[in-house]
Amino acid sequence: MSSSTPISPSASVIGADDDATARKDSLIEYPSLFPIKVMGLQHEHLVSSITTIARQFDPAFDASTVELRPSSTGKYLGVTITVTATSREQLDSLYMALTSDPHVKVVL
């Protein structure tokens, strides 16, 4: 005896109009300003590394908008950048690039 899960009549065929479905599933309207919080070890090159990465994915990135928050011990630095998000793929790639920096501990 086997059990099966019925397929909903509203289920879409794989590959059929995936772009439209992705747009409906996204909570972000593109393009939009998108803040990203990065926490890293306090290091003289941390901010410049983060801004360089941001510019790779948003050539119009304005480094003057960067916000810095040192931890109470001074060991870590919180860096908030705001980029112009143009797609989910762009944001995914940006997050991957930021997390690959050896001084970055967390990207939100």
Could the peptides 56-62, 34-40, 79-85 be put in order, highest first, of the mean number of other beta-carbon atoms found within 10 Å of their residues? 79-85, 34-40, 56-62
Between residue 42 and residue 89, what is 0.36 nm times their sequence separation minus the Cα-Cα distance? Round to one decimal in nm. 14.0 nm
For region 21-107, report the convex hull volume of the alpha-carbon atoms normalised per residue, in Å³, without decimals. 91 Å³
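Values quoted throughout were computed directly from the atomic coordinates according to the rules given, and no laboratory measurement underlies them. Nothing here was measured: the structure is a model prediction, and the numbers come from that model. Counting neighbours? That spans all protein chains shown, and the Cβs are built from the backbone with ideal geometry, glycine included.
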